[in-house]
Structures are given as structure tokens and as C-alpha cells.
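Data first, discussion second: the structure below is written as C-alpha cells.
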Amino acid sequence: MTLRLCCAWIFILLIPSLSDGGKLLVVPMDGSHWLSMKPVVEKLTERGHEVVVLTPEVSWQVRKTETYTVKTYPVSYTVEDLDNNFRDYLAVHLKDLPFPLNTLAMYNSFVDVLHMFFAPCKDLFRNKETLQYLNQSGFDAVLTDPIFMCGATVSNYLSLPFVFFMRGLPCNLHYEAAQCPSPLSYAPRLFTFNSDRMTFFQRVENALVSLLEPVYCYGFYKEALAFSSEVLQRDVSLLDMFNSASIWLLRYDFVFEYVRPVMPNMVFIGGINCAEKKPLPKFCTGRKNRRCGLIPEEDSSLPYLTRFCGEPAPGCCGAPASAELGKCVFSSTELGIISRVP
């Protein structure tokens, strides 16, 4: 259902070229972000749209496939550089530093990661062959993850409408850029750990954090903004880069967020983060179906939680093994774990 909703909004944006199917440029974010976007790209291709994924030739997850076109361009780093940068980022978060040293260390590590992942954007705009391809391809729209801002820069450079496919932006940018009302007394800021029911002092804290957000957020994107201004040949701000998005596809479920007003072009698609699995086959064994539950697929080595009724199955908890089932149920009232028995 979530995948259909996501494709439907992008389809609306591609209506002007409906007769032959739309031509969509995808500027993804590498890593787990791409794993969520990939099913949408595949579904759009199935529906007859021409999809081109623009990615650096050095990537963790994005691979060439026959399903859609993957356009790569050379970059000035290696996959080892990506790995080392991410290890440094992870190591900072595992250090037990006192406040405010921990906050400063995390801030600096995030800035380094942003710079690392924006580096391909610089290589892209220095590659004349790729730029010529983009200008001559006649794309109708851009689908991008805006966290590292390269997709927004490409969209503005090509003067194309763009769709954001995202989990969120630092500093509340995704709400501010979309001009959503954000009452500080009811909408908690990120990392304050406040709820939507705040005391007076928590509201004061919330207001102070909101005043600091533009300062540290500019530090995150300072280098990207300078480069985007150079490419677009005009001074740009963070809001300039984000507020012209046609559709915001938000990869989280509104039921897990505090109540707040959002704009009509902001669509919650939280289910897109969940991989679709086949249903498990049912089984019932023993006299009068006293033992019932679910067993994993034959090709699976992972255990599954299952409902269980009756005594433990043969072979469990010291009981004789059952050659018929070859499975084991550990009962805890009604829930147990089924796993393969050697």
C-alpha cells in the first residue's frame, strides 16, 4: 500500500508526459537510504516510466541492473575512503565523553560525513560529459534524497521539479522549508527529548534550541551552500535549496510522531522502510491439534516468534526428538521461538 501511494504521487508529477511515460532522474543517497528508495524506482520502471539513476562509480549499494538505467561518473575517492570515514563517524558515537565534549565530537564527525558524501557532487559538476548528458536527456522530474543536498543542486541546475524521498533533515529544515507552522510550545525540537506536553522550563529549552538551529545547521551545509552558489551563479540559502520541492515523501509514520500541522504536499510513507516478507506456512501436529503455530520457510535459517498451544513438541526441553517435524518449540505461555534442529 505504501509503495503504491509513493508511486502515485510521483506519477502525478509525470502527468505532462503521460503518453509515452515520464522520464525520471534519480539522485539517490548511498547506503541504507538507497535500500528504501530502490523498490520505488523498480515499481516506477514496471509502470512504463524511463528511470535513470545517477550515482558515483564508487558506491556501497547502488549497482547496475537491467531493470533501469544507471549512469555513473568518476570520483576522486575509493570505497576504502568511504569505509574509513564511516568507521571514524561510528567510533565517535561509541566514545564515552563527558558533556559538552561528546556533543562537539558528534557535531564535528557529522560535518566530516557531510563533506565526504557531498564530494561526489563536486566531481559530478566537474565532469563535462555527464553534465552534457543531463542537459540533453530531457528529464521531466527528479527524485532525490536531500540529506546531502546534491540532488537539490542538480534539480535547480536543470530547472526541473523535484520530489524529496527522505527520513528527515537536521535542524527541523523539512518543516521550515515547507512552511509548516511550528509552535514551540507543542512541537519539540530534535534532541531535546521533550514531548508535546512540556513544562514552562522545557518550553524555554525548546525555544533556545530553535534559536541555535540555524547556527549549527549552517555549519553542516556551509561547504555545500558555497559550491551550490558557484554552480547556480547566485547566492543561495538552505531554504532556497529545499523550499521549492514539489512533493515531500516522508519515510516515517505519522502515528509515531507528535501531532503537528504539515503541508498538503507532505506525504507519510512509513511502511516503505519495511521489507515485504512471504507469510509463514501454518502447521498443526499431535492429537486434536493441541500443538499449533508457524514454522519458518525451508530456506530460512532465522528463528521466528510464533503462537504455541499445548505441551512442548517432541525433541524440545529434553523430550524425544521428532523425525517428522525436525523442529523445536520453546514455550513461554503462548509465545515461543521455532528454530531448526540439527
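The values are calculated or read from the model by the stated rules, or taken from the named source; none is laboratory data. Please read these numbers as outputs of a predicted model, since none were measured by experiment. Virtual Cβ from ideal backbone geometry, glycine too; neighbours counted across all protein chains shown.
One residue is enough: does segment 121-138 have a residue meeting the conditions under 21 Å from the mean Cα position of the chain (by Cα), more than 23 Å from E42 (Cβ to Cβ) and at pLDDT below 90? No, segment 121-138 contains no residue that is under 21 Å from the mean Cα position of the chain (by Cα), more than 23 Å from E42 (Cβ to Cβ) and at pLDDT below 90. The conditions of being touching a residue at least 60 places away in the same chain (Cβ under 8 Å), assigned by TED's automatic domain parsing to the domain that holds N265, hydrophobic (A, V, I, L, M, F, W, C) and not in a loop (DSSP other than H, G, I, E, B) are not met by L211.
Taking the listed residues F164, F139, F118, the one that is surrounded by 17 or more Cβ atoms within 10 Å (Cβ to Cβ), part of a loop (DSSP other than H, G, I, E, B) and not hydroxyl-bearing (S, T, Y) is F139, with no other qualifying. Checking A245, A187 one by one, the residue that is under 22 Å from A141 (Cα atoms) and buried (at least 18 other Cβ atoms within 10 Å of the Cβ) is A245 and no other. Evaluate the following for Y73: is it in contact with a Pro (Cβ under 7 Å, 6 or more places away or on another chain), modelled with pLDDT of 90 or more, crowded, with 18+ Cβ neighbours inside 10 Å and aromatic (F, W, Y)? The answer is yes for Y73.
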